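A short write-up of the structure that comes next.
The values are calculated or read from the model by the stated rules, or taken from the named source; none is laboratory data. None of the values given here were measured: they were computed from a predicted structure. Please note: Cβ atoms are built from the backbone with ideal geometry, for glycine as well, and neighbour counts cover all protein chains shown. Only protein heavy atoms, including side chains, enter the accessible area calculation; ligands, DNA and RNA are left aside. Shrake-Rupley method; radii C 1.70, N 1.55, O 1.52, S 1.80 Å.
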Amino acid sequence: MPDILIKNTRIYYNNSLQSAEIIIEDGKVTKIGKDLRVSSSDMIIDAGGALTLPAGIDVHVHFREPGMTSKENWYTGSCAAAAGGVTTVIDQPNTVPPTTNRLAFEQKLRLARGKSIVDFGINGGVTGNIEKLEELWKLGVTAFGEIFMAESTGGLNINEETFEEALAEIKRLDALATIHAEDEKMRLEFEKLLKGDTSYEYHSRVRPNACEAAAVQKALELVSKLQVRAHLCHISTLEATGIIRKIKYLARRENKEPLFTCEVTPHHLFLSTRDWERLRSFGKMNPPLRGGNSIKALVNGINDGTIDMVASDHAPHLESEKDVDIRAAPSGVPGVETLMPLMLAAVRKNILPLSRMIMLTSWNPAKAFGLDRKSKGRLEVGFDADLIVVNPRELRPIKAEFLHSKAGWTPFEGMEGVFPEYTLSRGEVIWIEESINAKPGRGNFLEGRGERSEEDEEDLEEIGETQD
């Protein structure tokens with residue numbers, strides 16, 4: 001008897017939507033077909049003609065634990081993910097303490113294992129800790145970074161010399177470098193030039209398009225020189241998109257796969273400098289809000305394959321922290337719960353096709369971050385049953401009062417989204433009827449590709465047994 005039968009649904013298969021039924025057993029998809037004639041099952045989900053799609057994989061979240069749990073923690077952040085249709089997240093290292101050594105990694109892992117309701121990876125931080133990267137890799141970090149080329153939340157930015165040393169070590173480990181590309185020298189120059197600017201738009205001006213483009217160019221030159229695998233976080237500009245498109249085109253013309261991937265965030269796709277007046281300091285994030293030409297370039301980029309995936313850069317701060325002068329406000333906006341709803345709404349509005357949305361939110365993130373080897377990212381037999389059931393016709397306004405992040409606000413207030421009716425993680429229904437249906441700590445740690453020693457294996461098992 002199967003654990004779950006999803007019937008009367010439609011799936012995206014062979015480049016079209018097709019009617020189907022799905023059988024889930026032991027957390028895996030075991031059969032997909034029509035009229036499977038199952039006599040009974042533990043649970044039947046009648047989708048009523050709604051779509052069943054791969055759940056989202058968000059490779060860029062800041063769940064703020066340890067050290068900043070007034071803003072978010074592993075339980076509240078993972079509940080927000082589940083409610084929005086995301087079942088796998090990768091947490092970034094700029095917590096307190098930062099995830100830059102064994103002790104900090106083990107502390108974060110213990111907290112996540114005790115609280116997260118979705119599966120998760122943990123990235124290792126890169127500062128002056130080059131000698132610690134191998135240790136972190138063997139402990140199971142998913143990737144390294146985001147590596148900050150310019151000042152941002154957490155103060156983990158590094159200079160050019162350390163950046164190159166870090167990329168060389170990451171290459172030696174055959175690991176993945178994730179890069180926050182903004183040029184620090186240029187940022188500091190504009191900070192001096194604009195010292196009298198008190199407007200909200202100041203933040204977009206102090207980190208202009210050229211600031212990102214210069215850093216992207218510099219980073220990709222080093223990636224090519226060192227032949228290291230890399231991922232560019234939150235690309236936001238027309239110029240950077242053009243650089244990426246050209247390099248990818250030249251690589252593929254020579255029948256080579258590009259060494260790097262890149263992501264865009266919903267706030268850079270669906271918000272712009274026109275929103276400064278509405279959002280005020282709540283719109284402050286790094287990289288900042290951009291103009292209309294950049295948004296058009298990003299939309300073109302997600303459609304033509306220049307941009308590989310969408311990630312939220314979920315970076316929550318409390319309203320009391322954000323509602324201050326633009327210079328004093330911390331950078332970052334919440335977004336893990338609205339990632340999939342906004343992308344599904346974009347499909348509904350013909351901004352991109354469903355097939356491309358699936359690639360951007362599940363298939364490509366799984367492949368780039370090695371999660372496909374963990375059976376993540378596809379609605380296929382043998383893969384984890386990480387699924388969402390959604391009715392694309394049910395657009396509804398996004399309202400902070402119904403969201404689950406501790407932040408208590410959203411930059412997308414009043415915009416439309418398509419929210420899941422069900423979210424399944426490894427065959428367990430964790431979101432149903434607009435409520436969380438999961439216990440803290442059910443999420444699995446998805447360790448990276450580093451080869452651990454027997455001693456490391458024993459230590460990690462012990463961490464799992466002594467959850468907080």
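Within the bounds of segment 13-21, is there any residue that is open to solvent by less than 30 Å² (accessible area, probe 1.4 Å), touching a helix residue (DSSP H, G or I) at 6+ places or on another chain (Cβ under 6 Å) and either under 23 Å from Glu421 (Cβ atoms) or acidic (Asp, Glu) (or both)?
Residues of segment 13-21 that are open to solvent by less than 30 Å² (accessible area, probe 1.4 Å), as a first pass: 20.
Imposing the further condition that a residue be touching a helix residue (DSSP H, G or I) at 6+ places or on another chain (Cβ under 6 Å) reduces the set to none.
The answer is no, given that none of the residues of segment 13-21 is open to solvent by less than 30 Å² (accessible area, probe 1.4 Å), touching a helix residue (DSSP H, G or I) at 6+ places or on another chain (Cβ under 6 Å) and either under 23 Å from Glu421 (Cβ atoms) or acidic (Asp, Glu) (or both).
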Exercise for review: Spot the failing condition for Ala213; the list is (1) open to solvent by less than 20 Å² (accessible area, probe 1.4 Å); (2) in contact with a Lys or Arg (Cβ under 7 Å, 6 or more places away or on another chain); (3) closer than 15 Å to Pro288 by Cα, and only one is missed.
Suggested key: (2)
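Somewhere in segment 231-253, is a residue among the aromatic types (Phe, Trp, Tyr) and surrounded by 19 or more Cβ atoms within 10 Å (Cβ to Cβ)?
Within segment 231-253, none of the residues are among the aromatic types (Phe, Trp, Tyr) and surrounded by 19 or more Cβ atoms within 10 Å (Cβ to Cβ).
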Review point. What are the residues in segment 371-426 that are closer than 30 Å to Asn14 by Cβ and among the aliphatic types (A, V, I, L, M), if any?
Key: Leu371, Leu379, Val381, Ala385, Leu387, Ile388, Val389, Val390, Leu395, Val418, Leu424
**Study point:** Criterion violated by Ser281 - all others in (1) farther than 20 Å from Ala181 by Cα; (2) touching a strand residue (DSSP E or B) at 6+ places or on another chain (Cβ under 8 Å); (3) open to solvent by less than 20 Å² (accessible area, probe 1.4 Å); (4) not hydrophobic (A, V, I, L, M, F, W, C) satisfied
**Key:** (2)
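Could you look through segment 267-278, keep only residues that are touching a residue at least 60 places away in the same chain (Cβ under 8 Å) and more than 21 Å from Pro341 (Cα to Cα), and pick out the one that is surrounded by the fewest Cβ atoms within 10 Å (Cβ to Cβ)?
Filtering segment 267-278 down to residues touching a residue at least 60 places away in the same chain (Cβ under 8 Å) leaves 267, 269-271, 273, 275-277.
Filter once more, keeping what is more than 21 Å from Pro341 (Cα to Cα): 273, 276-277.
On the way: Thr273: 19, Trp276: 22, Glu277: 11.
Within segment 267-278, the match that is surrounded by the fewest Cβ atoms within 10 Å (Cβ to Cβ) is Glu277.
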Practice item. Kindly list the number of the only condition in (1) open to solvent by 10 Å² or more (accessible area, probe 1.4 Å); (2) of a type in the set (D, E, K, R); (3) touching a residue at least 40 places away in the same chain (Cβ under 8 Å) that fails for Glu263. Key: (1)
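Which one of these is in contact with a Lys or Arg (Cβ under 8 Å, 6 or more places away or on another chain), farther than 22 Å from Gly332 by Cα and either open to solvent by less than 60 Å² (accessible area, probe 1.4 Å) or assigned to a loop (DSSP other than H, G, I, E, B) (or both): Ile6, Ile24, Ile117, Ile57? Walk me through it before giving the result.
Values: Ile6 fails: in contact with a Lys or Arg (Cβ under 8 Å, 6 or more places away or on another chain); Ile24 fails: in contact with a Lys or Arg (Cβ under 8 Å, 6 or more places away or on another chain); Ile57 fails: farther than 22 Å from Gly332 by Cα.
After applying the criteria, what remains is Ile117.
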Exercise for review: Kindly indicate whether any position in segment 293-312 is in contact with a Phe, Trp or Tyr (Cβ under 8 Å, 6 or more places away or on another chain), over 18 Å from His60 (Cα atoms) and open to solvent by less than 10 Å² (accessible area, probe 1.4 Å).
Suggested key: no
